[in-house]
């Protein structure tokens, strides 16, 4: 009995070690609820491991012990490394975008090297069992094994205790109960439930599936100034097929559409150049080094409260910018397949208005199946490296200037209005002057800046983007098309390859790691318009409905998760861990703290709104939901 109890204490201690070290290395805060729930789950896990490593022969017990602790060490070390590389914790749904990692193996090896200390720390228990194997006794004789029956009682008791504790938090906002039963958010779950519990949830949902539910909510009462003009709804006469999934039906039927506004059709008939800029951030903008970016971000529509929340690197950022839906790792593999129906996809919508549409990317067009998902939203004319774009594709990263040079003639003299999409790559990490072609190319322009190497290299990369945009504007001007062209540009994500300290080296103000690290600029610019400042908060999922409104494209706002930034709808920024920002205040989902004068009812309303938008976005891909919806012509 003593040997079994001793082994259980060892298991319990090592599991505490894993969770405690992980929390200390990864998080600034760790709530009391998290500590208690982690403690109970560690008890349960230690009982399971004790049974599995004491039930058989000494040899089998030892083998099981090695296997179990190797897997646990790999899992913790893997989460630690993936977070440092992709700024997101690993979940099994990320296998659908695994080539994003394998295509950057040099950076992966660097991430492993830079985080080797953490990997070693998480392998300490496994190494300990090997080095001091003679100190651990797995030779449990037959008459001692009867004491394992106690653990067959303790295991269900610990499960009951865990679930009872979760139930005591049932009514709390974004509670550990919600994360365990109702919400699928691996990043927040790991921080609030612990790594072991989150791993169990992730495995279970990967095998059996999981769908968040739509919550019934009413519009939060707002004090809206009466307007002389009564605007129509952004609403189509829709017919929902009898087979429409209930989640999608519930979202559409219970959503209140946004209204048209004073900017509706402002740019109708004009050309559009839509740019998603790799790792772009306003921190790289200056009148001296990036004058074109400075002009574009300080004139036209100037959005002072625009944020680009980080979602799974470039593919997540591009997804939200191009679809108006909320990104999630569980649906990105479906998005990549290009099989989802998009009757109101970006290019399709403009083609229906009589536009010629074009899309370009200065890296491989096959990477992440960009050629497939761009086609699903209507882009038939797509060029990229190895797909008709004749630029130097043997360097890394490739040049945004070259992409503009080799593409503008395709559309600039188009016989119809054109809608052109660019996904840039010159701003991609690594930010060094050793192996970054663009940073090295522009090194002389940043050599005297008072910053460390990585921020200087980052600015050098954005100088390339600036010069590319300058070239584009000059060519439009030469062709007499500039006044009739609108340029829209946003980032796919903030430059997560820079540390927060490095970002703050060149930021005009001190940014925090949760909210302000995501603050960015949205370019919405036309050469002939007056500058107008917009205070409403917004994010990339809002860009598509905003564009549709400006260009007079009829759409149904209930079919998107984002909202027109000029509409009467309240602005909302949804961060990856379900923290959020509105014009009223901010909510931190990690510790349930708020900034601003906001009520508990308002917090519940916004959290329910977020759940509905996320659930609807996932359902569109899980069920190919748009195929069930058509206009009543």
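Do the conditions hold for residue 140, that is, is it modelled with pLDDT of 75 or more and in a helix (DSSP H, G or I)? So residue 140 does not fit the description; no. The single residue among 378, 388 that is within 29 Å of residue 344 (Cβ to Cβ), free of Cβ contacts under 8 Å to residues at least 12 places away in the same chain and assigned by TED's automatic domain parsing to the domain that holds residue 488 turns out to be 388.
Residues in region 164-195 that are touching a residue at least 12 places away in the same chain (Cβ under 8 Å) and farther than 24 Å from residue 21 by Cα were compared, and the one that is surrounded by the fewest Cβ atoms within 10 Å (Cβ to Cβ) is 172. Scanning region 313-320 for residues that are within 23 Å of the chain's Cα centre (by Cα), within 24 Å of residue 362 (Cα to Cα), in a loop (DSSP other than H, G, I, E, B) and at pLDDT 95 or above turns up nothing. Go through region 379-388 and report how many residues are crowded, with 22+ Cβ neighbours inside 10 Å and assigned to a loop (DSSP other than H, G, I, E, B). Result for region 379-388: 1. Give me the residue from region 565-624 that is assigned to a strand (DSSP E or B) and free of Cβ contacts under 8 Å to residues at least 24 places away in the same chain and, out of that set, surrounded by the most Cβ atoms within 10 Å (Cβ to Cβ). Per the criteria, the residue is 587.
Surrounded by 21 or more Cβ atoms within 10 Å (Cβ to Cβ), more than 20 Å from residue 486 (Cα to Cα) and out of contact with any strand residue (DSSP E or B) (no Cβ under 7 Å at 6 or more places or on another chain) - does that describe any residue in region 256-270? The answer is yes; a qualifying residue exists. Somewhere in region 58-70, is a residue touching a helix residue (DSSP H, G or I) at 6+ places or on another chain (Cβ under 9 Å), free of Cβ contacts under 8 Å to residues at least 60 places away in the same chain, crowded, with 16+ Cβ neighbours inside 10 Å and closer than 19 Å to residue 158 by Cα? No, region 58-70 contains no residue that is touching a helix residue (DSSP H, G or I) at 6+ places or on another chain (Cβ under 9 Å), free of Cβ contacts under 8 Å to residues at least 60 places away in the same chain, crowded, with 16+ Cβ neighbours inside 10 Å and closer than 19 Å to residue 158 by Cα. Output the residues belonging to region 391-416 that are assigned to a loop (DSSP other than H, G, I, E, B), in contact (Cβ under 8 Å) with a residue 60 or more places away in the chain and crowded, with 21+ Cβ neighbours inside 10 Å. Within region 391-416, 397, 399 qualify. Only a single criterion out of (1) under 30 Å from residue 506 (Cα atoms); (2) surrounded by fewer than 23 Cβ atoms within 10 Å (Cβ to Cβ); (3) touching a strand residue (DSSP E or B) at 6+ places or on another chain (Cβ under 9 Å) is not satisfied by residue 629, namely (1). Among the conditions (1) surrounded by fewer than 20 Cβ atoms within 10 Å (Cβ to Cβ); (2) more than 22 Å from the chain's Cα centre (by Cα), residue 499 misses just one, which is (2).
The values are calculated or read from the model by the stated rules, or taken from the named source; none is laboratory data. Just so it is clear, the structure is predicted and the values come from calculations on it, not from any experiment. Cβ sites come from the backbone with ideal geometry, for glycine too, and all protein chains shown count toward neighbours.
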